[in-house]
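Data first, discussion second: the structure below is written as C-alpha cells.
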Amino acid sequence: MTKWLLMLAFAMAALPIGPTKAVARGPTSEPTRPNIVLILADDLGYGDLASYGHWAIETPHLDRLAGQGVRLTSFYAASPLCSPSRASLLTGRMPYRTGIKSWIPKGQNVQLDPGELTLASLLKTAGYETAVIGKWHLNGGLDVVAHAQPDDHGFEYSFVLHAYALPHQRNPINFYRNGVPLGELDGYAAELVVSDAIGWLDDRRTTQAPFFLYLPFVEPHGTIASPASFLERYKRFTSGEPVPFPNGLPEPPDGLEARGPGEYYANISHLDDQIGRLMQHLDEAQMADDTIILVVSDNGPVTTDWRQWWETNLYGQTGGFRGRKGDLFEGGIRVPGIIRYPGTITPNSVSDVVVHGYDIMPTLLGLAGIPVPTDRAIDGIDVMPQILGKNDDPVRSLYWALPRPEGANYAMRRGPWKLLADRARYPIALYNLLDDPFEHNNKIHEKPALAKGMSLDLEAFFAAIEGTPLRSN
C-alpha cells in the first residue's frame, strides 16, 4: 500500500487541481482544494428533521444549512446498520467487499482492513490534514492492538469511542484520544465532539493545508441523554422523569417504561444545536466559504416498532417510508442528505438524484480534484455532476445486503425499480418506487421478466464479491 500511495502522490502532483476555491493569501497565493467536513448522524431518520417534514422537532441550524445548499431526497445509506455503512462511506465500496457485513460488537474479530484505501488516507496523501472525532465502530475495539485503528486509515488525529457512549451520552467514559483512553469526561457526547473539533481547527490555524474533518456523532443512537434545557423544551411530549439507563446491560433495568417522544426530540435538537456551534465557528474563522459540509445518517431510525428492550423511548420517523433500522425497506436505508458548498451548489435547492452511501468517497474526491483508485473495485461514482444538473442521473444498479434470519437479506435498485431477495438470493418482492415509494404494491408477479433479470444481476454481483477473499470474516 505504501508504494501505491507514493506513486499516487507523484501522479497527483502533475494533475490539474480541478474544482477549487480561492483563499486570500497575498499576491503569491494559489488556489487550494476545499476543506471538507463530513458529518454522520447515528440512526437519524429521513423524517427526523424539520427540513424533511418533522412537525415538532426544531432543527434550525440543519435547516439553515439545507437552505444554503442542496437537500437530497433520495440519499441512501449503504446499509441499514452502522458498521457496514461507515466502511462503505470511507472506502467507496459496497460493505460486503470490505468483509464488514453487520455491526461489530466489542471484542469481535472484524475490522476495516489496513489494506483498504479510505477517503482520509487519499486526502492525507494529497496534502490534507485529517481528523476523526466521534464514533469509530470499524473494528473490535479501540484497545485491540491487532486491529487497524483510525491512524492506520489516514486520520492524523482522533477523538473517538467504539460503538456507543458508555454508560450513556452524559459524562461518557469510553473516549480515546489518539489511542489513549481518557476515562470519564464531563459533558454530553455531542458537546464533547464539537468542542474537540473546534479545538482541532484552532490548533491548525497557522497551516496553509486544507483539512478533512470527519464527525460521526453518536446521536440520536440510544441510550440517549440530553441537557435539561432541551428536555424542558419538549416536556409536553414526555410523561415521567427522563432517566437514561446504561448501555450494555444484560437485561432490562428496573422501572423501564415508555415515556413518550420528548426525550428523543430533545436529543436531535441538541445535536442540531452543536452542529450550529460548529457552523458558527467556521463562519467566525472565515472558513465557511472554502468548506464543503456534507450531513448524512448511517442508516434509518429506530421507530416505535421497538424490537429490543434497549430501544424503548426512541421515536424516529422515516417520513412515511416502510420499515426502520435493520430493514432493507426504504425506511431502513433512505436517510437525510444535505450538502453545502458556497459558489458551487445553488442555495435552497432540492435534488432527487439517487445517491448511495458508497458515492460519498468518489464525490468528495472529485470536488477536491483527486483521482479515485483504479487498483480495486470502487462501487460508487462522483454524483456531483448529476446533483448540479450538468449530467443526467445514470441508470445504474445499486446494491444493499444485511444478514438476517428471515425476510429480505438483499436489495437492488435500478431506475425506479427495487428488488428484494431472501437469504438464498431468491426474489421475493419488486416495487416501483416512482409510483409506490412506500412499498405497498408488490409487482413481482406482474413483472416476472424484470424480476428475473434483476435477480440474475444481483446474483452475479454478490457471487463476484464472494468469489474473492474478504478483508474480514
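Could you list, in sequence order, all residues of segment 418-454 that are touching a residue at least 24 places away in the same chain (Cβ under 8 Å) and among the aromatic types (F, W, Y)?
Passing the criteria: Y426, F438.
Can you pull out every residue in segment 123-164 that is in contact with a Gly (Cβ under 7 Å, 6 or more places away or on another chain), assigned to a strand (DSSP E or B) and under 11 Å from F211 (Cα atoms)?
Hit for segment 123-164 is T130, nothing else.
Would you point out the residue of segment 182-214, among those that are in contact (Cβ under 8 Å) with a residue 60 or more places away in the chain and in a loop (DSSP other than H, G, I, E, B), that is surrounded by the most Cβ atoms within 10 Å (Cβ to Cβ)?
This residue is P210.
Which one is nearest to W309 (Cα to Cα) among residues in segment 223-245 that are in a helix (DSSP H, G or I) and among the small types (G, A, S)?
Narrowing segment 223-245 to residues in a helix (DSSP H, G or I): 228-233, 235-237.
Within this subset, residues satisfying the condition of being among the small types (G, A, S) are 228-229.
Numbers: A228: 24, S229: 27 Å.
Checking each candidate, the answer is A228.
Return the total of residues in segment 333-370 being farther than 23 Å from T125 by Cα and out of contact with any strand residue (DSSP E or B) (no Cβ under 9 Å at 6 or more places or on another chain). Give the derivation first.
We begin by selecting, within segment 333-370, every residue farther than 23 Å from T125 by Cα; these are 333-340, 342-356.
Filter again for out of contact with any strand residue (DSSP E or B) (no Cβ under 9 Å at 6 or more places or on another chain), leaving none.
The number of residues fulfilling the criteria is 0.
Here is a yes/no grid of residues against (1) crowded, with 18+ Cβ neighbours inside 10 Å; (2) modelled with pLDDT of 95 or more; (3) among the aromatic types (F, W, Y); (4) on the phi < 0 side of the Ramachandran plot:
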| site | (1), (2), (3), (4) |
| --- | --- |
| P385 | no, yes, no, yes |
| R413 | yes, yes, no, yes |
| L420 | yes, yes, no, yes |
| A463 | no, no, no, yes |
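When you scan segment 394-411, how many residues do you find that are farther than 16 Å from G323 by Cβ, under 22 Å from the mean Cα position of the chain (by Cα) and either basic (K, R) or surrounded by fewer than 20 Cβ atoms within 10 Å (Cβ to Cβ) (or both)?
3
What number of residues in segment 441-473 are β-branched (V, I, T) and not in a helix (DSSP H, G or I)?
As a first pass, look at segment 441-473 and keep what is β-branched (V, I, T): 444, 465, 468.
Checking the rest, the ones that are also not in a helix (DSSP H, G or I) come to 444, 468.
Count: 2.
Can you tell which of D186, D196 is closer than 30 Å to A368 by Cβ and among the charged types (D, E, K, R)? Walk me through how you get there before you give the answer.
Details: D186 fails: closer than 30 Å to A368 by Cβ.
Of the residues listed, the single one that is closer than 30 Å to A368 by Cβ and among the charged types (D, E, K, R) is D196.
So, in segment 255-290, of the ones that are among the acidic types (D, E) and more than 20 Å from the chain's Cα centre (by Cα), which residue ends up surrounded by the most Cβ atoms within 10 Å (Cβ to Cβ)? It would help to see each step written out before you state the result.
Let us first name the residues in segment 255-290 that are among the acidic types (D, E), namely 257, 263, 272-273, 283-284, 289-290.
Now drop any that are not more than 20 Å from the chain's Cα centre (by Cα), which leaves 257, 263, 283-284, 289-290.
Values: E257: 9, E263: 25, D283: 11, E284: 9, D289: 15, D290: 20.
Once the filter is applied, the top-ranked residue is E263.
Looking at L62, is it within 22 Å of G320 (Cα to Cα), within 18 Å of the chain's Cα centre (by Cα) and modelled with pLDDT of 95 or more? Before the answer, list the steps.
Values: within 22 Å of G320 (Cα to Cα): yes; within 18 Å of the chain's Cα centre (by Cα): yes; modelled with pLDDT of 95 or more: yes.
So L62 fits the description; yes.
Given the structure, is G389 part of a loop (DSSP other than H, G, I, E, B), over 29 Å from G154 (Cα atoms) and in the same structural domain as T125 (by TED's automatic domain parsing)? I'd like the intermediate steps shown before the answer.
Numbers: part of a loop (DSSP other than H, G, I, E, B): yes; over 29 Å from G154 (Cα atoms): yes; in the same structural domain as T125 (by TED's automatic domain parsing): yes.
Considered against the rule, which asks whether it is part of a loop (DSSP other than H, G, I, E, B), over 29 Å from G154 (Cα atoms) and in the same structural domain as T125 (by TED's automatic domain parsing), G389 comes out as yes.
Scan segment 215-222 and give yes if some residue there is charged (D, E, K, R), part of a loop (DSSP other than H, G, I, E, B) and surrounded by 14 or more Cβ atoms within 10 Å (Cβ to Cβ), otherwise no. Explain how you work it out, then say what you get.
At the first step, the residues of segment 215-222 found to be charged (D, E, K, R) are 219.
Remaining after also requiring part of a loop (DSSP other than H, G, I, E, B): 219.
Within this subset, residues satisfying the condition of being surrounded by 14 or more Cβ atoms within 10 Å (Cβ to Cβ) are 219.
Yes, that holds for at least one residue.
Test V335 against the criterion of being within 27 Å of Y265 (Cβ to Cβ) and surrounded by 24 or more Cβ atoms within 10 Å (Cβ to Cβ), and give yes or no.
Details: within 27 Å of Y265 (Cβ to Cβ): yes; surrounded by 24 or more Cβ atoms within 10 Å (Cβ to Cβ): yes.
In short, yes.
In the list K135, K101, which residue meets the criterion of being out of contact with any Ser or Thr (no Cβ under 8 Å at 6 or more places or on another chain), surrounded by 19 or more Cβ atoms within 10 Å (Cβ to Cβ) and over 28 Å from S226 (Cβ atoms)?
Numbers: K135 fails: over 28 Å from S226 (Cβ atoms).
None of the other options fit; the residue is K101.
Any chance you could count how many residues in segment 215-246 are touching a residue at least 60 places away in the same chain (Cβ under 8 Å) and not aliphatic (A, V, I, L, M)?
Number of matching residues: 13.
Table: residues versus (1) more than 24 Å from P84 (Cα to Cα); (2) modelled with pLDDT of 95 or more; (3) of a type in the set (K, R); (4) in the same structural domain as L328 (by TED's automatic domain parsing).
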residue	(1), (2), (3), (4)
D393	yes, no, no, yes
W417	no, yes, no, no
I428	no, yes, no, no
L434	yes, yes, no, no
P437	yes, yes, no, no
H440	yes, yes, no, no
I444	yes, yes, no, no
N473	no, no, no, no
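I'm checking my understanding of the structure. Among residues of segment 184-237 that are among the basic types (K, R) and in contact with a helix residue (DSSP H, G or I) (Cβ under 9 Å, 6 or more places away or on another chain), which one is nearest to A266 (Cα to Cα)?
Filtering segment 184-237 down to residues among the basic types (K, R) leaves 204-205, 233, 235-236.
After this cut, where a residue has to be in contact with a helix residue (DSSP H, G or I) (Cβ under 9 Å, 6 or more places away or on another chain) as well, the list is 233, 235-236.
Values: R233: 7, K235: 9, R236: 11 Å.
So, considering only residues that are among the basic types (K, R) and in contact with a helix residue (DSSP H, G or I) (Cβ under 9 Å, 6 or more places away or on another chain), the one nearest to A266 (Cα to Cα) is R233.
Looking at segment 80-113, which of its residues are within 18 Å of V372 (Cα to Cα) and more than 17 Å from the chain's Cα centre (by Cα)?
Once the filter is applied, which keeps residues that are within 18 Å of V372 (Cα to Cα) and more than 17 Å from the chain's Cα centre (by Cα), segment 80-113 yields only R97.
Whether any residue in segment 138-157 is free of Cβ contacts under 8 Å to residues at least 40 places away in the same chain, crowded, with 19+ Cβ neighbours inside 10 Å, assigned by TED's automatic domain parsing to the domain that holds L40 and under 17 Å from the mean Cα position of the chain (by Cα) is what I want to check.
Scanning segment 138-157, I find at least one residue that is free of Cβ contacts under 8 Å to residues at least 40 places away in the same chain, crowded, with 19+ Cβ neighbours inside 10 Å, assigned by TED's automatic domain parsing to the domain that holds L40 and under 17 Å from the mean Cα position of the chain (by Cα), so the answer is yes.
The values are calculated or read from the model by the stated rules, or taken from the named source; none is laboratory data. What you are looking at is a predicted structure, and each value in this text was computed from that prediction instead of being measured. A quick note on method: Cβ atoms are made from the backbone with ideal geometry, for glycine too, and the neighbour counts reach across all protein chains shown.
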